[in-house]
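The values are calculated or read from the model by the stated rules, or taken from the named source; none is laboratory data. Please read all numbers here as calculations on a predicted model, not as lab measurements. All Cβ positions, even for glycine, are placed from backbone atoms using ideal geometry, and neighbour counts span all protein chains on display. These accessible areas exclude ligands, DNA and RNA; they are computed on the full protein's heavy atoms, side chains included. Shrake-Rupley method; radii C 1.70, N 1.55, O 1.52, S 1.80 Å.
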Amino acid sequence: AIAQRNSQLRIVTKEDLIARIYTMPNKFGRVFRAGVRPNPFNPLASMVSIISRDSDGTLMVSPDTLKENLRVFLNQSRLVSDAVDIVDTSVINIALNYGITVSGNANGESVIQKVNENLKKYFEIENFQIGQPVVITDVVNIIINTQDVVSLVSLEFSNKTGLMNGNSYSDVSMSIANQT
């Protein structure tokens with residue numbers, strides 16, 4: 001029975017919907033990340049947030065043609081009573097400032113460089129989905145488990161927006177404290 005239900009390619013669960021989005025043929029466009037949540041205005045609908053990448057791998061708002069192609073593609077598999085609203089997701093740029101104590105016989109700059117490399121690997125966009133939280137204890141573990149780090153003195157997250165120090169960030173602003 002399970003195999004028969006799966007072979008019908010129907011969207012029944014949230015996982016079915018996400019899987020169906022990622023199986024849309026590339027000739028209709030490509031969704032980089034998709035997230036599904038209940039629609040707060042319609043209890044019978046789901047909101048699908050999507051984002052794409054440009055040829056350089058930079059996150060970008062998905063084109064309207066991709067959203068229309070996705071709507072048609074999903075409509076073939078949805079149940080009659082289901083509604084799906086396809087919306088753009090926001091890019092939120094987060095900065096991380098930390099202070100550490102380094103072992104007395106270690107080179108402080110090389111330890112900080114190693115911590116930064118480990119954090120950069122953790123925060124790669126390939127490691128996150130839409131709506132997935134940043135787990136602060138994971139960040140703390142990455143820092144304190146780096147060789148020659150004795151202790152974590154301070155840890156602060158902040159939101160970067162607009163143009164800062166020659167770097168262009170998203171215009172989306174959010175309060176990190178309110179989201180923690």
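Quote the FRET efficiency, to the nearest 0.05, computed for Lys114 versus Val87 with a Förster distance R0 of 30 Å and r equal to the Cβ-Cβ distance. Taking R0 as 30 Å, the efficiency between Lys114 and Val87 is 0.15. Ordered from highest to lowest accessible area with the whole protein assembly present and a 1.4 Å probe, Val91, Val149 read as Val91, Val149. Sorting Phe28, Phe157 by solvent-accessible area of protein heavy atoms yields Phe28, Phe157, largest first, with a 1.4 Å probe.
Segment 90-111 and segment 13-76 have Cα centres lying 36 Å from one another.
Placing +1 on the Cβ of every Lys and Arg and -1 on the Cβ of every Asp and Glu, with no other charges, gives segment 48-165 a dipole of roughly 80 debye about its Cα centre.
Under 15 Å from a point placed 7 Å out from the Cα of Phe73 along the Cα-to-Cβ direction: which residues of segment 48-62 have their backbone N that close? Flagged as within label range: 48-53, 62. Applying the Karplus relation 6.51 cos²θ - 1.76 cosθ + 1.60 with θ = phi - 60° to segment 133-148 yields 3J(HN,Hα) values of x, 8, 8, 4, 5, 5, 5, 4, 4, 4, 5, 6, 8, 6, 4, 6 Hz, where x marks Gly and Pro. Got a number for carbon plus sulfur as a percent of segment 34-180's accessible area, 1.4 Å probe? That fraction is 50 percent. A compact globular protein would have a Cα radius of gyration near 2.2 N^0.38 Å; the ratio found for segment 96-180 is 1.22.
In the chain the Cα-Cα distances spread across 5 Å bins starting at 0 as 1, 6, 13, 15, 15, 13, 11, 9, 7, 5, 3, 1, 0, 0 percent of all pairs. Which percent of the Cα-Cα distances in segment 47-144 go past 15 Å? Pairs farther apart than 15 Å: 73 percent. In the full protein context, the chain carries 65 Å² of accessible surface per residue, based on a 1.4 Å probe and ignoring ligands, DNA and RNA.
Annotation: Arg78 carries an accessible surface of approximately 80 Å², with a 1.4 Å probe and no ligand, DNA or RNA atoms counted.
Pairs from the table (Lys67/Lys114; Lys27/Lys160; Lys67/Lys160; Lys14/Lys121) lying more than 32 angstrom apart at Cα are Lys67/Lys114; Lys27/Lys160. For the chain, the mean residue ellipticity at 222 nm estimated from helices alone is -8500 deg cm²/dmol, where every DSSP H run of n ≥ 4 contributes -39500 (n - 2.57) and the total is divided by all residues, rounded to the nearest 500. The H on the amide N of Val91, modeled in the peptide plane, is under 5 Å from the matching H of no residue at least 5 residues off or on a different chain.
Counting only protein heavy atoms and using a 1.4 Å probe, the accessible area of Thr65 comes to about 100 Å².
Ordered from largest to smallest accessible area (heavy atoms of protein chains, 1.4 Å probe), the residues Thr23, Thr180, Thr13, Thr146 come out as Thr180, Thr23, Thr13, Thr146.
How many percent of the alpha carbon pairs in segment 87-141 exceed a separation of 19 Å?
Roughly 40 percent, rounded to a whole number.
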